[in-house]
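One structure is given below, encoded as structure tokens.
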Amino acid sequence: MTVLFVNAAFRENSRTHDLAQKYLSTLTDTVETLNLGEENIRPLQKASLEQYCKDSRSHDFQDEMYRYAKQFAKADEIVIAAPFWNFGLPAVLHAYLELVCTQGITFDLNEAGEYYSLCQAKKLVLILTAGGNVPENDCAISYLRTLCKEFWKIEDVRYYYADGIDLVGVDISGKLEAVIKQYGNSQE
């Protein structure tokens, strides 16, 4: 099995990255790492969107921008590490997911207009940290759950987060350790 680790927590001494590494250490599978901070990922704009639409219609996925979708589609499990920024995901991760959501590579439509998955993954794990508190209905987790449910048909979606870790007087180590303990309780 192959685990795709999508690292959007690329700041030096990132607590999110550290939490993700501890999760990955519980796995016995091969881990393929994609460091988004080292990639030249751009959101779809006029020219790239036109190219994307043309290629999707013709199922011609030779362009380099489709390598992320191809890699994602082949993974057996996806692990995403991301800080919680402005009540959502970092822009580079959002742009990456925009490229991953490629009709004809990670999902397609049947004749009835229903989405079906072209992905192998059966599980997606999101690992977050937040300096403030994560609201109950946050955008980041909801967005990923919707993509998993609608496009990729990944039913096992898990998220682990430590929030409020920059608040005055908070036991940061205790919060991070509590997340790590959750890993052991949820492994199958």
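Worth pointing out:
- Restricting segment 144-188 to residues that are charged (D, E, K, R) and in contact with a Gly (Cβ under 8 Å, 6 or more places away or on another chain), the residue that is surrounded by the most Cβ atoms within 10 Å (Cβ to Cβ): Asp163
- The set of residues in segment 103-117 being in contact (Cβ under 8 Å) with a residue 40 or more places away in the chain, in a loop (DSSP other than H, G, I, E, B) and more than 20 Å from Ile141 (Cα to Cα) consists of Gly104, Ile105.
- Residue satisfying all of: in segment 105-143; among the hydroxyl-bearing types (Ser, Thr, Tyr) and under 17 Å from the mean Cα position of the chain (by Cα); surrounded by the most Cβ atoms within 10 Å (Cβ to Cβ) among these: Thr129
- Comparison of Val168, Val157 shows that the only residue that is on the phi < 0 side of the Ramachandran plot, touching a Lys or Arg at 6+ places or on another chain (Cβ under 8 Å) and not small (Gly, Ala, Ser) is Val157.
- Test: Ala73 is closer than 17 Å to Leu4 by Cβ and among the aliphatic types (A, V, I, L, M): yes
- As a summary of the residue check, Gln120 satisfies the conditions (1) touching a residue at least 24 places away in the same chain (Cβ under 8 Å); (2) of a type outside the set (Gly, Ala, Ser); (3) part of a strand (DSSP E or B) except for the one numbered (3).
- Checking each residue in segment 51-70 for being under 20 Å from the mean Cα position of the chain (by Cα) and either more than 17 Å from Gly37 (Cα to Cα) or charged (D, E, K, R) (or both) picks out Glu64, Tyr66, Arg67, Ala69, Lys70.
- Test: residue in segment 63-79 that is closer than 30 Å to Ile165 by Cα, surrounded by 12 or more Cβ atoms within 10 Å (Cβ to Cβ) and in contact with a helix residue (DSSP H, G or I) (Cβ under 9 Å, 6 or more places away or on another chain): yes
- Taken as a whole, segment 135-145 holds at least one residue that is part of a helix (DSSP H, G or I), touching a residue at least 40 places away in the same chain (Cβ under 8 Å), hydroxyl-bearing (Ser, Thr, Tyr) and out of contact with any Phe, Trp or Tyr (no Cβ under 9 Å at 6 or more places or on another chain).
- Counting only residues that are farther than 15 Å from Val3 by Cβ, polar (S, T, N, Q) and part of a loop (DSSP other than H, G, I, E, B), segment 13-53 holds 4 of them.
- All conditions in (1) among the polar types (S, T, N, Q); (2) within 16 Å of Phe151 (Cα to Cα); (3) surrounded by fewer than 16 Cβ atoms within 10 Å (Cβ to Cβ) hold for Asn86, with the sole exception of (2).
- Test: residue in segment 92-102 that is within 12 Å of the chain's Cα centre (by Cα), surrounded by fewer than 19 Cβ atoms within 10 Å (Cβ to Cβ), of a type in the set (Gly, Ala, Ser) and at negative phi: yes
Each reported figure results from applying straightforward, stated rules to the coordinates on display, with no laboratory input. As the structure is a prediction and not an experimental result, all values here were calculated from the model. Ideal geometry is used to build each Cβ from the backbone, glycine not excepted, and the neighbour counts take in all protein chains shown.
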